[in-house]
Amino acid sequence: MQDRPTSVELLEAAADFVDREVVPAIEGARQFHARVVANVMRIVAREIKLEDPLVRSEVKALARLLGHDAPHLHSLDDLRAAAAGMGEELTAKIRAGEADEGARRGEVLAVVRQSVEDKLRIANPRYLESDIAIRNANKEI
């Protein structure tokens, strides 16, 4: 859909409505489930906004790390499949001890850290923000 409201705007508006109108009107397990629904809507909205560029970045980083040519993929499904396949390949190399040597270890850690941070940008950005704040505070010490 190209008109407004966008799917992201609709999800965010629905989540705000649930938080503002539904959650205060109910109690117990239903209130908890309403909060879960609002949170799921926000996760889906962030995924719609962020997933394509984040997965593209992950595919490029994994390809560089694994010594592959960066694939020229267009669909999000193809990008996801490429990221999953290269992620499995990296996992096998880590398990085999092929990622533990010197600078290679640092490169692997950087790619894995970035991948986890990107996933948190979608699933729970507040957790990522607090982790970054803690790391920055530790740098100042």
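The values are calculated or read from the model by the stated rules, or taken from the named source; none is laboratory data. Note that the coordinates shown come from a computational prediction; the quantities given were computed from them, not determined experimentally. Counting neighbours? That spans all protein chains shown, and the Cβs are built from the backbone with ideal geometry, glycine included. Protein only, heavy atoms only, side chains kept; ligands, DNA and RNA dropped before computing areas. Shrake-Rupley method; radii C 1.70, N 1.55, O 1.52, S 1.80 Å.
With the convex hull of its Cα atoms as the shape, region 3-82 has an orientation-averaged projected area of 7.2 nm². With respect to the chain, whose longest principal axis is taken over its alpha-carbon atoms, helix 102-123 is tilted by about 10°. Extension gain, ASN138 to LEU10, is 42.1 nm, computed as 0.36 nm per intervening residue step minus the present C-alpha separation.
Among ALA103, ALA70, ALA38, whose mean-square fluctuation peaks in a Gaussian network model of the chain (Cα, cutoff 10 Å)? Of ALA103, ALA70, ALA38, the Gaussian network model singles out ALA103 as fluctuating most. Under Stokes-Einstein, with the Kirkwood radius over Cα pairs as Rh, the value for the chain at 20 °C and 1.002 mPa s is 120 µm²/s. Of GLU27, GLU47, the order by accessible heavy-atom surface (1.4 Å probe, DNA, RNA and ligands excluded), from most exposed downward, is GLU27, GLU47. On the chain, 56 percent of the accessible area sits on carbon and sulfur atoms, based on a 1.4 Å probe.
The HN-Hα couplings worked out from phi for region 87-97 by the Karplus form 6.51 cos²θ - 1.76 cosθ + 1.60 (θ = phi - 60°) are x, 5, 5, 5, 4, 4, 5, 5, 4, 7, x Hz, whole numbers, x standing for Gly and Pro. Per residue, the accessible area of the chain comes to 69 Å² when a 1.4 Å probe rolls over the protein heavy atoms.
Where in region 77-119 does the amide nitrogen come within less than 16 Å of the point 7 Å from the Cα of TYR127, taken along Cα to Cβ? Within reach of a label on TYR127, which here means backbone N under 16 Å from a point 7 Å along Cα→Cβ, region 77-119 contributes 113-119.
Sequence-ordered 3J(HN,Hα) estimates for region 3-12 from the Karplus curve with 6.51, -1.76 and 1.60 and θ = phi - 60° stand at 8, 9, x, 6, 4, 5, 4, 5, 5, 5 Hz, glycine and proline given as x.
Convex hull volume of the Cα atoms in region 63-122, per residue, in Å³?
In region 63-122, the Cα hull volume divided by residue count equals 82 Å³.
Coupling constants for region 60-74 follow from the phi torsions by the Karplus curve (6.51 cos²θ - 1.76 cosθ + 1.60, θ = phi - 60°), and in residue order they are 4, 5, 5, 4, 4, 4, 8, x, 9, 5, 5, x, 9, 9, 10 Hz; glycine and proline get x. Think of it as helices only: each DSSP H run of n ≥ 4 in the chain is worth -39500 (n - 2.57), and spread over all residues that comes to -26500 deg cm²/dmol at 222 nm.
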